[in-house]
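I have placed the structure first, in the form of C-alpha cells, so that the comments after it can refer back to it.
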Amino acid sequence: MKRILVGIGTAAGAFALAACGTSTAAAPAPAAAAPVAQAPARGASGGGVAPASAGTPRCTTADLEVLLGKPAEKNDAPGQFDIPLTYRNTTNHTCGLYGVPGVDLAGPDDATFGPVYHLPRVDNGVKYNEVPAGTTASATITVLTPAEGGASWTPTKLTTIPPGQTSALTVKWPSDLPVLRQDAATHPGSYVNGILADPA
C-alpha cells in the first residue's frame, strides 16, 4: 500500500511540474520587452516597399528632407484639407521610416493659444517599412479651415520631427491656407496621420 501511495504522489508531482512548464512557455512577453524593429508587421509596408529587416536603422533627421504637397479639399468634408507631408531619403543607404511624426504649425501669436499649434497624432500608418536611398515615404496632414467670416489664423511654417528623432525639419506653409485653431478640442478637425510607404 505504501508503494502505491508513493507512486501516485510521484506521478502527481510530475504532472504539476509539466503543467507549470507549459504555462510559463505560453505566457506572452510584455509589449515593452519587444522593440518594434524586432517585430515587423506582415504586409505593413504597402506601396510595393518591402518591410525593413530587424537590422535596418531608423531614418534620422539628418537623413531626410521634407516637402509639402498641394492641399486637396476632402469630398466628404468641405472645409477640411489633406496635405501630403513627404520625407525623402537623401543618403546613399536604406533606412526605416514608420510611425507618426510630430508636427507643429507656427504663425501669428493667437490671443488664446499663442503662436504654435501642436497637431494631435493619429496612429494609422504602416507598422514598419524601409525607405531606400533617394525614395520617399509620406504622412498626410489633415487641417480644418475656418468657416467664412470666422477667425482666421494662417501659419507661416511647419516644423516636423520624424518618428524616433529629437531634431526637426522645417518647411514653408502654403500662404493661402488658413487653419482653424482647435487646440483645446476633444476631437479636432486638424491632425497628422501616420507615415505610409510611397508607391515604388
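Tallying residues that are under 18 Å from A106 (Cβ atoms), surrounded by 12 or more Cβ atoms within 10 Å (Cβ to Cβ) and among the small types (G, A, S) within the stretch 164-200 yields 2. Residues of the stretch 122-133 being surrounded by fewer than 18 Cβ atoms within 10 Å (Cβ to Cβ) and either acidic (D, E) or closer than 12 Å to S190 by Cβ (or both), which ones? Hits for the stretch 122-133 are V122, D123. Taken over the stretch 148-157, the criterion of being without any contact (Cβ under 8 Å) to a residue 24 or more places away in the chain and either among the charged types (D, E, K, R) or surrounded by 21 or more Cβ atoms within 10 Å (Cβ to Cβ) (or both) is satisfied by E148 alone. Return a yes/no flag: does the stretch 69-88 have any residue that is within 14 Å of V179 (Cβ to Cβ), in a loop (DSSP other than H, G, I, E, B) and not hydrophobic (A, V, I, L, M, F, W, C). Yes, the stretch 69-88 contains a residue that is within 14 Å of V179 (Cβ to Cβ), in a loop (DSSP other than H, G, I, E, B) and not hydrophobic (A, V, I, L, M, F, W, C).
Just need a number here: residues in the stretch 61-79 that are out of contact with any Asp or Glu (no Cβ under 9 Å at 6 or more places or on another chain) and surrounded by 15 or more Cβ atoms within 10 Å (Cβ to Cβ). Residues that pass the stated criteria total 5.
Check whether at least one residue in the stretch 95-112 is touching a helix residue (DSSP H, G or I) at 6+ places or on another chain (Cβ under 6 Å), in contact (Cβ under 8 Å) with a residue 12 or more places away in the chain and assigned by TED's automatic domain parsing to the domain that holds E73, and report yes or no.
yes
Among V131, V116, V171, V103, which is more than 19 Å from T60 (Cβ to Cβ) and at pLDDT 95 or above?
Working: V131 fails: more than 19 Å from T60 (Cβ to Cβ); V171 fails: more than 19 Å from T60 (Cβ to Cβ); V103 fails: more than 19 Å from T60 (Cβ to Cβ).
Just one listed residue meets the conditions, V116.
Taking the criterion of being polar (S, T, N, Q), part of a loop (DSSP other than H, G, I, E, B) and modelled with pLDDT under 50, the only residue of the stretch 36-68 that qualifies is S45.
Candidates T145, T140, T90, T136: the one that is in the same structural domain as C59 (by TED's automatic domain parsing), surrounded by fewer than 16 Cβ atoms within 10 Å (Cβ to Cβ) and either under 23 Å from K70 (Cβ atoms) or more than 16 Å from the chain's Cα centre (by Cα) (or both) is T90. Taking P78 as the residue in question, decide whether it is in contact with a strand residue (DSSP E or B) (Cβ under 9 Å, 6 or more places away or on another chain) and assigned by TED's automatic domain parsing to the domain that holds S175. No.
The values are calculated or read from the model by the stated rules, or taken from the named source; none is laboratory data. These numbers come from a predicted model, not from an experiment. Here the Cβ is made from the backbone with ideal geometry for all residues, glycine too, and neighbour counts use every protein chain on show.
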